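Laboratory data are not the source of any read-out in this text; all were calculated from the coordinates shown. Here the structure is a predicted model, which means the values were calculated and not measured. Cβ coordinates were reconstructed from backbone atoms using ideal geometry, including for glycine residues, and neighbour counts include every protein chain displayed.
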Amino acid sequence: MKNIKPVEWAVLTVTLAYTAVFGAIFIARGNAEFVWYVVTLLILVGIVALGQRKAAFPAAILWALSLWGFVHMAGGGVPVNDSVLYAYVVLPLAGNGEFVFLKYDQVVHFYGFGVTAWLLWHLLRRHYPEMAGSASVYVFPVLGAMGLGAANEMIEFAAVVAFPDTNVGGYINTALDLVFNAAGAITAMVLVRLISRPPETAAAP
């Protein structure tokens with residue numbers, strides 16, 4: 001416990017606080033689907049906490065993960081019109097019905113799996129430093145984030161099977177989720193590549 005840094009305590013406290021608030025809201029509403037997601041979130045918090053000493057995630061990644069958890073909980077806990085925030089169309093760019101974007105849900109998928117790719121990039125750089133500068137150190141996090149995005153869809157499918165009334169959506173929604181997962185992961189790695197690019201050495205006179 002004494003090895004836990006102040007910023008790690010801060011992230012953990014904020015994350016557990018909003019999880020407790022939204023968990024109470026979901027229980028009060030009888031929303032079993034999102035209680036399921038609260039349990040999943042707590043498991044993920046535990047995994048990150050247990051692995052933090054070896055992974056050494058920087059504060060920026062920890063806060064980004066916490067923000068992802070918050071926007072996810074808000075998506076199911078904040079009512080908008082006759083539904084919840086997840087169904088809200090942030091910017092009506094195209095489509096209608098289930099095939100519509102840009103929805104809050106899609107923004108969360110884009111952001112969340114961008115953060116996931118960033119996290120995987122950090123792990124590769126930390127544990128396999130010989131990969132630094134290679135294309136693989138950017139490609140593998142994208143593929144890994146897409147795989148974890150598919151795992152997320154399986155968790156949502158389990159919720160559909162377990163609970164009679166969910167806001168998960170159908171095939172088109174799942175396909176759009178996967179597209180935004182990939183777009184977020186690719187965007188994150190492009191940004192990481194640009195930001196982490198080593199300074200060019202000056203040309204010899």
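Need the C-alpha centroid separation for the stretch 12-41 versus the stretch 126-146, integer Å. Their Cα centres are 33 Å away from one another.
Just rank D82, D105, fewest to most, by other beta-carbon atoms within 10 angstrom. Working shown, then result.
Numbers: D82 6, D105 25.
With the fewest neighbours first, D82, D105 line up as D82, D105.
Which length gain, in nm to one decimal place, applies between A94 and V161 when the Cα-Cα distance is subtracted from 0.36 nm times their residue separation? Display every interim value, and only then the final one.
Numbers: separation 67, 0.36 × 67 = 24.12 nm, distance 3.02 nm.
21.1 nm is the gain from fully extending A94 to V161.
For the chain, just say rounded, prolate or oblate: build the C-alpha gyration tensor, square-root its eigenvalues into a ≥ b ≥ c, call rounded for a/c under 1.5, and beyond that prolate if a/b exceeds b/c, oblate if not. Mind showing how you got there, number by number?
Values: a/c = 2.22, a/b = 1.41, b/c = 1.57.
Taking the square roots of the gyration eigenvalues as a ≥ b ≥ c, the chain is oblate.
Database remark: amide H of Y88 closer than 5 angstrom to the amide H of Y104, D105 (H placed geometrically; neighbours at sequence offset of 5 or more, or on other chains; Pro and chain starts carry no H).
Let's test the formula: R0 of 30 Å, r as the Cβ-Cβ distance of S196 and V78. What FRET efficiency results, to the nearest 0.05? Could the numbers behind the result be given before it?
Details: r = 35 Å, r/R0 = 1.17.
Plugging the Cβ-Cβ distance into 1/(1 + (r/R0)^6) gives 0.30.
Between M154 and L16, take the C-beta separation as r, use R0 = 25 Å, and let me know the FRET efficiency to the nearest 0.05. Walk me through the numbers before you get to the answer.
Numbers: r = 26 Å, r/R0 = 1.03.
Step by step, r from the Cβ atoms, then E = 0.45.
Of the listed peptides 176-186, 13-23, 31-41, 107-117, what is their order by residue-averaged count of other C-beta atoms within 10 Å, with the highest listed first?
Working: 176-186: 21.4, 13-23: 16.4, 31-41: 19.1, 107-117: 23.4.
For the peptides 176-186, 13-23, 31-41, 107-117, the packing ranking is 107-117, 176-186, 31-41, 13-23.
Can you show me the helix-derived [θ] at 222 nm for the chain, built from DSSP H runs with n ≥ 4 at -39,500 (n - 2.57) apiece and divided by the number of residues, rounded to the nearest 500.
Working: 6 runs with 143 residues, N = 205.
-24500 deg cm²/dmol, from helical runs alone.
Each residue in M146, M131, M73 was given a count of other beta-carbon atoms within 10 angstrom of its own, and listing them fewest first yields M131, M146, M73.
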